[in-house]
Amino acid sequence: MGQQKSKVISGEPEVTKKEKQEKKEKKVKKKKIEKIKKPKKVKVRSKKYQAIRKKLKIRSTSSVKKAIELLKEITDTPFDSALEAHIALNIKPKETLDFPKDFPKTKPDANGVIHLKIGKITDKTQKLIQKFEDLLNQTIKVKSSGQKDFIKSIVLCTTQSPSIKIIAKE
């Protein structure tokens, strides 16, 4: 038995598989070119945020106490802001870390960063420092033996405020 031949009834030439493939490739290339041409949106911060950022004289410090005091000084929200710690770790993104009862069981995000609320910015500075140190100590305990540069960076911020980088001393 041989192959059956199909007749073109409408008068249009028959399109081969090769021609169909070429048309698909042209469409894909055209879409890629259109995506490249779109300009990226620039992130625009509010006037209030920009004013607070101008007040912030330093963007990094080695003192946790100084960072918390600066955040208390610049925080200007109509509600009680949360103090947050963002710690970038040198780990696999889906690895789970076990923290003490004060801190929930947490997973790093896709970039290996853990985001934890330490407390309210209106809490006493000493209490916030103690909670931060507990978090940092627990994070270091989780570290695999022999792993160097476990903590990449540490950043403190409050709700709707610029962040302050803590220079880690491991």
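No value in this document is a laboratory result; all are computed from the given coordinates. If you're wondering where the values come from, they're calculated on a predicted model, not measured in any experiment. Here the Cβ positions follow ideal geometry from the backbone for every residue, glycine too, while neighbour counts run over all protein chains shown.
The calculated FRET efficiency for S153 paired with E25, based on their beta-carbon distance and R0 = 41 Å, is about 0.40. Ordering of 76-89, 49-62 by packing is 76-89, 49-62, highest average first (other Cβ atoms within 10 Å, averaged per residue).
If you take all other residues with their beta carbon under 9 Å from the beta carbon of G112, and give Lys and Arg +1 and Asp and Glu -1, the sum is 0. Between G112 and any residue 5 or more places off or on another chain, the built amide H atoms are never under 5 Å apart.
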